[in-house]
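Below you'll find the structure, written out as C-alpha cells, and then a few comments.
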Amino acid sequence: MKTVVATGVFEILHPGHINFLTEAKKLGDRLIVIVARDKNIGRQKNIVIPEEQRLEVINSLKVVDEAILGDKNDIFKPVEKIKPDIIALGKNQDADEKILTEELKKRNLNAKIIRIENFYNANLNSTTKIKEKILKSGKPNKK
C-alpha cells in the first residue's frame, strides 16, 4: 500500500485545494493530509480560521483518508511517524524540494517528493486572492 502525504494551511477551502488533494491521492492508495499549525504559519498569513476547524474541514473530504495537525516544533515529526512513500507538493506551495530531500535523508526517510503540476486555473484559485477580493468588496469605491 502506497501512502501519500500532502501538507498545507487550507484556511479557506477552494477548488484549487480540491484539485491538489485529488491529484495527490492519485499518486498512491492512502492520502494523509498534515494541516499546518497556527503557530507555524506566522503572522504574514493573517490566519482567521483556527487549526482545529481547518482540520475538521479537511477530514470531511472524501478524497482524504486521514488528516492530522502538524507538530508545533518540528514539521518533520509527523512525516517521521507516517513514513510516507510520497510527499506531494502543490504547484505554488513554498517548499524547496532539494532542502526537503536533504532533511528526509538526515531522518532516514525515503519518501519521493512530487510537485503536482496540474493547477486549478481560475480567478480565485488561492486563499490570498479570495481574502484580497473580500477586503476590496468591503471598501467603498473611490470616485
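Looking across Thr7, Thr3, Thr22, one residue alone is farther than 24 Å from Glu103 by Cβ, surrounded by 14 or more Cβ atoms within 10 Å (Cβ to Cβ) and not acidic (Asp, Glu). It is Thr22.
Restricted to the range 25-43, and to residues that are in a helix (DSSP H, G or I) and of a type in the set (D, E, K, R), which residue is surrounded by the fewest Cβ atoms within 10 Å (Cβ to Cβ)?
The initial filter retains those residues of the range 25-43 that are in a helix (DSSP H, G or I), namely 25, 38-41, 43.
Filter once more, so that each one left must be of a type in the set (D, E, K, R): 25, 38-39, 43.
Working: Lys25: 20, Asp38: 17, Lys39: 11, Arg43: 6.
Applying the filter and picking the extreme gives Arg43.
Kindly provide the set of residues from the range 7-28 that are touching a residue at least 12 places away in the same chain (Cβ under 8 Å) and within 16 Å of Ile41 (Cβ to Cβ), ordered by number.
If we filter the range 7-28 for residues that are touching a residue at least 12 places away in the same chain (Cβ under 8 Å), which is where we start, we get 7-16, 18-25, 27-28.
Thr7, Gly8, Val9, Phe10, Glu11, Ile12, Leu13, listed by residue number.
Checking each residue in the range 39-55 for being within 13 Å of the chain's Cα centre (by Cα) and at pLDDT 90 or above picks out Glu51, Arg54, Leu55.
The values are calculated or read from the model by the stated rules, or taken from the named source; none is laboratory data. Since we're looking at a predicted model, the values are computed, not measured. All Cβ positions, even for glycine, are placed from backbone atoms using ideal geometry, and neighbour counts span all protein chains on display.
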